[in-house]
1. Among the numbered criteria (1) within 13 Å of the chain's Cα centre (by Cα); (2) on the phi < 0 side of the Ramachandran plot; (3) part of a strand (DSSP E or B), which single criterion is violated by residue 50?
2. Would you tally the residues in the stretch 173-188 being touching a strand residue (DSSP E or B) at 6+ places or on another chain (Cβ under 6 Å) and either over 17 Å from residue 109 (Cα atoms) or without any contact (Cβ under 8 Å) to a residue 40 or more places away in the chain (or both)?
3. Given 44, 55, which one is surrounded by 15 or more Cβ atoms within 10 Å (Cβ to Cβ) and within 19 Å of residue 7 (Cβ to Cβ)?
4. Scan (1) in a loop (DSSP other than H, G, I, E, B); (2) surrounded by 15 or more Cβ atoms within 10 Å (Cβ to Cβ); (3) not assigned by TED's automatic domain parsing to the domain that holds residue 106 for the single condition residue 217 breaks and write down its number.
5. Is it true that residue 231 is at pLDDT below 95, outside any loop (DSSP other than H, G, I, E, B) and not assigned by TED's automatic domain parsing to the domain that holds residue 135?
6. Can you find a residue in the stretch 123-143 that is free of Cβ contacts under 8 Å to residues at least 12 places away in the same chain and more than 19 Å from residue 223 (Cα to Cα)?
7. Could you check, for the stretch 133-145, whether at least one of its residues is within 16 Å of the chain's Cα centre (by Cα) and modelled with pLDDT of 90 or more?
8. Going by what's in this entry, would residue 201 be described as surrounded by 15 or more Cβ atoms within 10 Å (Cβ to Cβ), farther than 20 Å from residue 115 by Cα, modelled with pLDDT of 95 or more and touching a helix residue (DSSP H, G or I) at 6+ places or on another chain (Cβ under 6 Å)?
């Protein structure tokens, strides 16, 4: 059966779908000896797909890990600006894994990584509404009113957001620690929401994704997901049932 090249490449555990698209655009992928183009389809059973002249073969094992990303690292496997990447933090993993979604350079916390491209793409798809929980240190005037705004109707990039779950964990003068749960994954979403509510984000840490918890995993370290956590992810992408679990 024929599929889009980026889907085949991500399914082989070679790269994320987005990274596969970049590989195609850079001219690194060929199909049956001919340069591939974005949007092209191929049959992985009969066509010879090569990356930089080397035939691609499926990964023999699917790997799922959780990283506690520190601040100062970009969520990519390679950075043209020479910044530190999460790839450096998971160098001890014998399999090449890729980030599921993103955390901006100034944010920290739970980041899933895997070589299961299909699962990764489905988890990030908006239809699944996987809740993501954050602990957010903020500063601003009128914390209470700002929290009301965060809980109310908001719109980003022309899209109405699902109401966020917001709880004040601690408040000291103009500073507060908020627990915020969102259901989308827009670029710098928490920071943009807080700015709209009149708050400055001092620190942002993701602590949960669906039923997965960061727990006591130390910054800069990672661990393999356990069997129960993997089963949860696989069940999540097999149907559209919403797992809030927070």
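1. Going through the list (1) within 13 Å of the chain's Cα centre (by Cα); (2) on the phi < 0 side of the Ramachandran plot; (3) part of a strand (DSSP E or B), residue 50 breaks only (1).
2. Count: 4.
3. On the way: 55 fails: surrounded by 15 or more Cβ atoms within 10 Å (Cβ to Cβ).
Exactly one of 44, 55 is surrounded by 15 or more Cβ atoms within 10 Å (Cβ to Cβ) and within 19 Å of residue 7 (Cβ to Cβ), namely 44.
4. Only one criterion is unmet by residue 217, namely (3).
5. Details: at pLDDT below 95: yes; outside any loop (DSSP other than H, G, I, E, B): yes; not assigned by TED's automatic domain parsing to the domain that holds residue 135: yes.
Considered against the rule, which asks whether it is at pLDDT below 95, outside any loop (DSSP other than H, G, I, E, B) and not assigned by TED's automatic domain parsing to the domain that holds residue 135, residue 231 comes out as yes.
6. For the stretch 123-143, residues free of Cβ contacts under 8 Å to residues at least 12 places away in the same chain and more than 19 Å from residue 223 (Cα to Cα): present.
7. Taking every residue of the stretch 133-145 in turn, at least one turns out to be within 16 Å of the chain's Cα centre (by Cα) and modelled with pLDDT of 90 or more.
8. Yes.
The values are calculated or read from the model by the stated rules, or taken from the named source; none is laboratory data. Everything quoted here is computed from the prediction, not taken from an experiment. Because the Cβ atoms are built from the backbone with ideal geometry, glycine has one as well, and the counts that use them run over all protein chains shown.
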